[in-house]
Amino acid sequence: MRALVTRPREDSAAVARALAERGFEIMIEPLLDIEPIADAVVDADGAQAILATSANGIRALARLHPDRALPVWTVGDASAAVARTLGYDRVHSAGGDVESLAALVAASVDPARGVLLHAAGTVNAGDLAGRLGALGFQVRRQVLYRAVTAGALSPELRAALGRGAIDLALFFSPRTAATFARLIAAAGLDEMLVRVAAYGLSVNVTAELANLPWAALRRAAEPTQAALFAALDDDLARGRLS
């Protein structure tokens, strides 16, 4: 069986390994390319901690700002793992989404101790600054990268779908899912999805996929990679993908 991974290439390696361990062949089709903001400058004056709502944000910050002394609060376990590999040793994961990150920070951090530095992209899910600002925190949003959507499906993916060589597809963000839905329609390949099971990280992700004729559309019980793979493992155990 072959699995399609739609994440940016830097984020795909761990997902691909987990799928390979389950016996899948892997096809990586990055529907977002991550580009640094050329003139971005990090202002860490007065900051008490870093907020990372994506692995791309902490990667971009680490490239621009060599100091690893500040603690990092991440939206999920994947971004926390990236922060640790980049040399941050005080890393706290909310294990979920922007809502859970805001709740964890509010319960653990004193707003009087300084600014929270948000390593952000040009587009971000949720309103982290608004949620924390309402609780008395000052959030300094640093826009360090942009995610550029693909303009077309690759010839390799079009060919694989055309011959029925994709069994399942994983989607981790609403923007990636919406991009896939748009490009699959533009390529006229909607009906090729009737043999493909789709797995989305959250209700916002699966909402973008709901109008496509999937063999099945599954949603993780909570917005974490572990929960997404738990949904896949449940289907594998039941023989739904065999």
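Output yes when any residue across segment 120-131 is farther than 24 Å from residue 71 by Cα and modelled with pLDDT under 95, and no when none is. Within segment 120-131, none of the residues are farther than 24 Å from residue 71 by Cα and modelled with pLDDT under 95.
Looking only at residues in segment 125-150 that are in a loop (DSSP other than H, G, I, E, B), touching a residue at least 24 places away in the same chain (Cβ under 8 Å) and over 19 Å from the mean Cα position of the chain (by Cα), the one that is surrounded by the most Cβ atoms within 10 Å (Cβ to Cβ) is 137.
When segment 103-122 is examined, which residues are found to be buried (at least 19 other Cβ atoms within 10 Å of the Cβ) and either in the same structural domain as residue 205 (by TED's automatic domain parsing) or within 20 Å of residue 144 (Cβ to Cβ) (or both)? Show your work before the answer.
Residues of segment 103-122 that are buried (at least 19 other Cβ atoms within 10 Å of the Cβ), as a first pass: 105, 109, 116-121.
Scanning segment 103-122 gives 105, 116, 117, 118, 119, 120, 121.
For segment 151-176, filtered to residues that are free of Cβ contacts under 8 Å to residues at least 24 places away in the same chain and in a helix (DSSP H, G or I), the residue that is nearest to residue 216 (Cα to Cα) is 159. Quickly run through segment 26-48 and pick out the residues that are surrounded by 12 or more Cβ atoms within 10 Å (Cβ to Cβ) and over 30 Å from residue 110 (Cα atoms). Residues satisfying the conditions are 26, 27, 28, 29, 30, 31, 32, 33, 34, 35, 36, 37. The residues of segment 190-204 that are modelled with pLDDT of 95 or more and within 15 Å of residue 6 (Cβ to Cβ), listed by number, are 193, 196, 197, 198, 199, 200. Against the list (1) among the aliphatic types (A, V, I, L, M); (2) touching a residue at least 24 places away in the same chain (Cβ under 8 Å); (3) in the same structural domain as residue 182 (by TED's automatic domain parsing), the condition residue 51 fails is (3). Residues being surrounded by 15 or more Cβ atoms within 10 Å (Cβ to Cβ), assigned to a helix (DSSP H, G or I), in contact with an Asp or Glu (Cβ under 8 Å, 6 or more places away or on another chain) and not assigned by TED's automatic domain parsing to the domain that holds residue 124 are entirely absent from segment 201-217.
Taking segment 218-235 as the range and being within 17 Å of residue 2 (Cβ to Cβ) and either free of Cβ contacts under 8 Å to residues at least 60 places away in the same chain or not assigned by TED's automatic domain parsing to the domain that holds residue 170 (or both) as the test, only 235 passes.
The values are calculated or read from the model by the stated rules, or taken from the named source; none is laboratory data. Quick caveat: nothing in here was measured; it's all calculated off a predicted structure. Neighbour counts are summed over all protein chains in view; Cβ atoms, including those assigned to glycine, are modelled from backbone coordinates with ideal geometry.
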